[in-house]
Amino acid sequence: MSIIAVGSVKASPGVTSLSVGLGLTWESTTGRRAVLIEADGDGGVLAARFGLASSPSLVELSGIARHELTIIRLQKNCQLLAGQLPALVAPGCGESTTLVLAPLAGRLAADLGGLDDIDVVVDVGRLRPHSPAAELIKQCDLLVLVARPHFDQLVPLVHQARKVTAHDIPTALVCVGDRPYPPTEMAKASQLDLLGVMAHEPRVAQALAGGLPANQRHRRLLMWRTLTELVHRIHYRLQAAATGLAAVQP
Ligand SMILES: Nc1ncnc2c1ncn2[C@@H]1O[C@H](COP(=O)(O)OP(=O)(O)OP(=O)(O)O)[C@@H](O)[C@H]1O
Ligand SMILES: [Mg+2]
């Protein structure tokens, strides 16, 4: 099992949209099942965006914290997003999410590590000191930092990249859009590998807010191809790290 944490350093660059996109394309690309966990200390949006119920959620999962986390227990607390992706949603309110997540995150990360057959994409929201998702970030197999290539995001990105690298958290960058500041320059300045660039496209956002029907027409869309390519690269990095190979991009 791998934990892929997705987060940002500033503004709202598209973390949740990318997390949903990775989750929806994970199984068809890697052949492994995926679960999406919403662990954003500012509160969840998935239930509202995808017309899901407020429960089950992280709250109900925290109720079983004294028992071992099994795939069955995890899935029992998930809802199907876009009819296909099991998602553990967070309460819409940041305070409630923080109260539930802060004491749960360490145990959740450790227990997820014991689940063999499934990979987990975790939307950790904005990285801040005292994030309730801190333990999930520390124990993740890959942290994907999402940024818009704007000059005002560069300084916080460089700062955060230094911090996570100092904590030995394997981290890579995804840019949303390719202007005005070249994504390669964002990567160079932050010394992060650039995993890829998501097109800055209202249609992308619209599709990821309503689900990606897995039909051929959508598979041909650039967005779908970009997501699939990102999943390939992430999966390759995870496999390379697990087998001790150099994580050269395929
Ligand atoms: N690739 C994209 N192209 C254009 N718009 C996008 C893209 N991805 C996300 N957006 C839009 O940007 C806004 C923020 O998206 P999203 O909620 O995914 O960001 P976030 O980083 O999770 O934000 P927050 O920090 O508030 O959780 C939304 O209006 C969304 O529709
Ligand atoms: Mg978000």
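The values are calculated or read from the model by the stated rules, or taken from the named source; none is laboratory data. Model, not experiment: these values are computed from the prediction. Neighbour counts are summed over all protein chains in view; Cβ atoms, including those assigned to glycine, are modelled from backbone coordinates with ideal geometry. Ligands, DNA and RNA are stripped out before the accessible areas are found, and what is left, the full protein with its side chains, is counted by its heavy atoms. Shrake-Rupley method; radii C 1.70, N 1.55, O 1.52, S 1.80 Å.
Between residue 169 and residue 93, 0.36 nm times their residue separation minus their Cα-Cα distance comes to what? Each step should come with its number before you reach the end.
Values: separation 76, 0.36 × 76 = 27.36 nm, distance 2.81 nm.
Going from the current span to full extension adds 24.6 nm.
Just to confirm, what accessible area per residue do you get for the range 112-231 at 1.4 Å probe, in whole Å²? Present the calculation step by step, with values, prior to reporting the outcome.
Details: 5960 Å² over 120 residues.
I get 50 Å² per residue for this part.
List the GluC sites (Glu not before Pro) in the range 44-99 that DSSP assigns to loop (not H, G, I, E or B) and whose Cβ has at most 11 other Cβ atoms within 10 Å. Which are they?
Values: sites: 60, 68, 95; in loops: 68.
Of the GluC sites (Glu not before Pro), the ones in loops of the range 44-99 whose Cβ has at most 11 other Cβ atoms within 10 Å are 68.
For Cα pairs less than 8 Å apart in space and 6+ apart in sequence, what is the mean separation divided by the residue count of the chain, i.e. the relative contact order in percent?
27
Where the accessible area of the range 3-243 is counted over protein heavy atoms with a 1.4 Å probe, how much of it, in %, is carbon and sulfur?
Working: 5660 of 10900 Å².
Summing carbon and sulfur atoms, their accessible area is 52 percent of the total for the range 3-243.
Could you order the peptides 30-36, 114-120 from most to least packed, using the average number of other C-beta atoms within 10 Å per residue? Display every interim value, and only then the final one.
Values: 30-36: 18.3, 114-120: 16.0.
So the order, starting with the most tightly packed, is 30-36, 114-120.
All other residues with a Cβ under 12 Å from the Cβ of residue 19 taken together, and with Lys, Arg as +1 and Asp, Glu as -1, what is their net charge?
Working: positive: 49; negative: 38, 40, 123.
Net local charge, residue 19 excluded: -2.
What's the local net charge at residue 150, with K and R +1, D and E -1, over the other residues with C-beta under 11 Å away? Could the numbers behind the result be given before it?
On the way: positive: 10, 148, 179; negative: 152.
Net charge in that neighbourhood comes out at +2.
Placing unit charges on C-beta atoms (Lys and Arg positive, Asp and Glu negative, everything else neutral), compute the dipole magnitude of the chain about its Cα centre in debye, rounded to 20.
Magnitude of the dipole: close to 460 debye.
Estimate the FRET efficiency between residue 75 and residue 199 by the formula 1/(1 + (r/R0)^6), using the beta-carbon distance for r and 30 Å for R0, to the nearest 0.05. Intermediate values should be presented prior to the final figure.
Details: r = 32 Å, r/R0 = 1.08.
Efficiency for this residue pair is about 0.40.
Apply the a/c threshold of 1.5 to the C-alpha gyration tensor of the range 34-161 and tell me whether it is rounded, prolate or oblate.
Numbers: a/c = 1.67, a/b = 1.45, b/c = 1.15.
Here the range 34-161 falls in the prolate category.
If amide hydrogens are placed 1.01 Å from N in the peptide plane, which non-local residues have theirs closer than 5 Å to the one on residue 171?
Counting only residues 5 or more places away or on other chains, the set is 143.
Using only the Cα atoms of the range 21-107, build the gyration tensor, take square roots of its eigenvalues as a ≥ b ≥ c, and label the shape rounded, prolate or oblate: rounded if a/c is under 1.5, else prolate if a/b is larger than b/c, else oblate.
Numbers: a/c = 1.85, a/b = 1.28, b/c = 1.45.
It comes out oblate by the Cα gyration axes.
Around residue 240, what is the net charge, scoring Lys/Arg as +1 and Asp/Glu as -1 over all other residues with Cβ under 13 Å from its Cβ?
Numbers: positive: 233, 237; negative: 141, 193.
Once all neighbours under 13 Å are counted, the net charge is 0.
Using amide H atoms built in the peptide plane, which far-off residues or other-chain residues are under 5 Å from residue 33 H to H?
It is 119, by chain and number.
In terms of the Cα gyration tensor, with a ≥ b ≥ c the square roots of its eigenvalues, is the chain rounded because a/c is under 1.5, prolate because a/b exceeds b/c, or oblate?
On the way: a/c = 1.37, a/b = 1.22, b/c = 1.12.
Rounded.
With both bridge residues required to lie in the chain, what share of the DSSP beta bridges run antiparallel, to the nearest 5%? All intermediate terms of the calculation are to be shown ahead of the outcome.
On the way: 3 of 32 bridges.
The antiparallel fraction comes to roughly 10 percent.
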